[in-house]
Structure formats: C-alpha cells, structure tokens
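Structure first, then comments.
Bear in mind that the values in this text are calculations on the coordinates, not laboratory data. Just so we're clear, the structure is a prediction, and the values are computed from it rather than from any experiment. Note: ideal-geometry Cβ built from the backbone for every residue, glycine included; neighbour counts use all protein chains shown.
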Amino acid sequence: MSEHQFNILVTEPIPEKVIQYLGEFGNVTVGEVGTYQNEQALIDDIGSYHALLCMLSNPISKNVLQAGKKLQIVANFAVGYNNIDVAAAQELSIKVANTPDVLTEACGDFAMGLLMATTRHFYQAEKYLREGNFKGWEPMGFLGPELRGRSLGIVGMGRIGQAFAHRARAFGMNIFYHNRRQVSADIEEALQATYFDDLNTMAAQADVLSLNCPLTPETHHLVDSNLLNMMPNHAVLINISRGPVVDEAALAEALQNGTIYAAGLDVFEEEPKVHPKLLEAPNCTILPHIASATFETRNAIGMLAAKAIVQVLQGEKEQNIPNLVSL
Ligand code: GLV
C-alpha cells in the first residue's frame, strides 16, 4: 500500500533536498538519466501519476498529457517550457509550471563566461596546452578581440538578457537590444541600452549577437543564413536560449566561410545531438546546456518546481501559484 494519496514522477535525478520535500507530500519515483527523453516511455508510465516534475529534455506532447489520466500538474525543471504542449495541457485542465527568476543570475554569469571563452579561445588554448604544444609564451598565440567598447546586441531583453547586459556593461560594452516590446525607460537607462525595433538593423551593427529569447514558432530559425550574412565578419554569436532559434547548418557554414568570426553555444537544435559540421567548425565553443548549472540555482529550480506541485496537489488557488504558465 502506498503511504500517500498522490504519486509524483520526477523524470531524472535532481537535488536530494527536493526529492525529500516532495516525499513529504507524495510517493516519489525518480527516473533514470535519459529514460524519459523518449515520448513513448512517458506515455507508458505516466498513467498512475498525479504530478510530473520533468526536464526540458522530456517531450511533454499532447499524447503524453492524454495518457496522464490522473495528471494534475506538469512542473518543468527549467524556465523555458517549449518542450511542453501548453495548449493541450490547458484543454485537459492540467496545470503547467516553470522556474522563472531563480536561474537569472547563474545564466547571466554563464553568458559572460561563454563570451569570454569564445573571444579569447579558452578551450582551443587549453587543448593546445594539454596536447603538449605549449613550448613557451607566444606573442602571437590565441589572439582575440577585446570586449571594451564593443557592442552587445541582445535578442530578448527579459530577465536573463538584462542580467547579461549588466555584466557586459561592467566589461565596458555598449548594449543594443531587440525585443517584442521596448523595456521601461528605467531599465534602458540603467543599462544604457539602445532599442532596435528591427532585428536585421541591430544584427548588422552588433559586434556580439546574443540570443536570450524563448523558442516559439516566431523565433524558430531566427538566426538563418540571411541574418548571418547581415552580421559583420568580426561578429560573435552567443546562444544560451534554445538550439532551434539558430539554423545550425547555416551557422556551421557561416563559421567555415568566415561570414562571422565565432560562436559560443550552450544549446543545440536536436539535443543531445550536435550538428556534425558544428563539431568541426572553427571558432566555435560548444557546451552541453549548462548555463544554469550552479549548486545554488539547481536547488532553487527544483524547489520552485516542487512547490508548485505541492500547491496544486493541495488544491491551492491558481492566483497563489506564481510560476504557473498559460498561453
Ligand atoms: C534552461 O535552459 C532553462 O530553460 O531553464
């Protein structure tokens, strides 16, 4: 006999503190790494669960939601929730939660680090050293552009875009941004940020183009060969949002041809696969989707997702659950 009334599926191992917290309210099952990246595995198992704490790598499709006969809530262990069919969830009266705010600073730090690693060739230089090629200080080795005085064009001036902009200001960069809506005058002033209504105009002028927008039908392949061709040859592309915002084949070609100077990528179109031409592309930093990977942040993400689950299972009113999302 189960101890509790509710069954909760957590699709991957997450911080123990979060599992313990959920264990006070329900019977918690934790999936093995990678098992639920497969839609069928979710469909097969979801039927007996009242709540699902899932990863951004889990496809929470209409079929999965329909198979969740007892499901009341899907809480994503992420702020981006493009992996969840929110419209289908709404039709089926299943609530959806995400984890805004708690990962903003970790992602801002990471974006700055990724930009540094890319412009200053950290990984190529480290590989060179590890492979025994460092024979002495080289005046012409691994040169890259300085950031001071360069412009950072942010696509998506939400929480994470602003966190990156704050850090970039401290490095002496000038901030441009493109967003669905112009942000408030206070924010613009604090960041000394210039708004571009037109993305192409911004891309043509920015030394660094950073993607900080959600993946939606409108942002799918926002960076395609046309946009890449408009960017200056010395431009750097940074993507910590979602892989499909970039047409990876077009990016690999642009890096190969010198259409742009470099790219720093934490996300990929078909994770965990990386386009083979990107693996070979010069001047490309590629990391396995780790922007929010700090101890503090991953704990906070887990607790925020778990709290929404507990609130929904306890029948809390929607307006009292701040991280529920809707269309
Ligand atoms: C990570 O990519 C997130 O959306 O939280």
* Between ASN320 and GLU146, what length in nm is gained on full extension when 0.36 nm per residue of separation is reduced by their alpha carbon distance? -> 58.0 nm
* Mind sorting LEU53, LEU129 by how few other Cβ atoms lie within 10 Å of their own Cβ, fewest first? => LEU129, LEU53
* Report the equivalent ellipsoid semi-axes for segment 214-327 in whole Å, largest first, defined as the square roots of five times the eigenvalues of the gyration tensor built from alpha carbon atoms. => 36, 16, 11
* To do: Mind giving me the nanometre distance, one decimal, between the label points for GLU16 and ALA204, set 7 Å out from Cα along Cα→Cβ?
  => 5.8
* **Proximal aspartates and glutamates relative to LYS62, as straight alpha-carbon distance under 12 Å, when same-chain residues fewer than 8 apart are discounted** => GLU39, ASP85, GLU91
* Taking all pairs of different Cα atoms in segment 269-327, averaging 1/r and flipping that mean, what Kirkwood radius in angstroms comes out? -> 14.9
* Structure fact -> Volume per residue (Å³) of the convex hull spanned by the alpha carbons of segment 1-118 is 125
* Hey, how many Å between the Cα centroid of segment 121-157 and the Cα centroid of segment 250-314? -> 20
* Leading residue at positive end of dipole, segment 272-327 (Cβ point charges), from GLN314, ASN283, ALA300 -> ASN283
* To do: Multiply the residue separation of SER225 and ARG180 by 0.36 nm, subtract the distance between their alpha-carbon atoms, and state the gained length in nm to one decimal.
  => 14.0 nm
* Asked: Looking only at chymotrypsin sites (Phe, Trp or Tyr not before Pro) in DSSP loops with at most 15 other Cβ atoms within 10 Å, what is the longest site-free stretch of the chain?
  -> 172-327
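Hydropathy first: keep DSSP H helices in the chain averaging at least -1.0 on Kyte-Doolittle, then drop any whose Cα extent along the axis falls short of 18 Å, and list what survives.
Result, helices passing both filters: 104-119, 295-313.
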* To do: Calculate the spin-label point distance for THR194 paired with GLN256, positioning each point 7 Å from the Cα along the beta-carbon direction, and give it in nanometres.
  => 3.5
* Taking the Cβ of each residue in LEU327, LEU114 as the centre, tally the other Cβ atoms inside 10 Å and list the residues starting with the fewest. => LEU327, LEU114
* Rounded to the nearest 500, what is the chain's calculated 222 nm mean residue ellipticity when only DSSP H runs of at least 4 contribute -39500 (n - 2.57) each, over all residues? -> -10000 deg cm²/dmol
* Asked: Given the convex hull of the Cα atoms of the chain, what is a quarter of its surface area in nm²?
  -> 18.5
* What nm value, rounded to one decimal, do you get for the distance between ARG169 and VAL33 when each label is placed 7 Å out toward the C-beta? -> 4.0
* **With at most 16 neighbouring Cβ atoms within 10 Å, loop trypsin sites (Lys or Arg not before Pro) (DSSP) excluded, longest segment of the chain** => 182-316
* Structure fact -> When MET140, MET116 are arranged by how many other beta-carbons sit within 10 Å of their Cβ, fewest first, they go MET140, MET116
* Which values of log₁₀ I(q)/I(0), to two decimal places, follow from the Debye formula for segment 17-73 at q = 0.30 Å⁻¹ with a uniform point scatterer at every Cα? -> -1.35
* Structure fact -> All alpha-carbon distances of segment 110-241, grouped into 5 Å bins from 0, give the whole-percent distribution 2, 10, 20, 21, 18, 12, 8, 5, 3, 1, 0
* Structure fact -> Mean projected area, convex hull of alpha-carbon positions in segment 38-184, reported to one decimal in nm², is 13.0
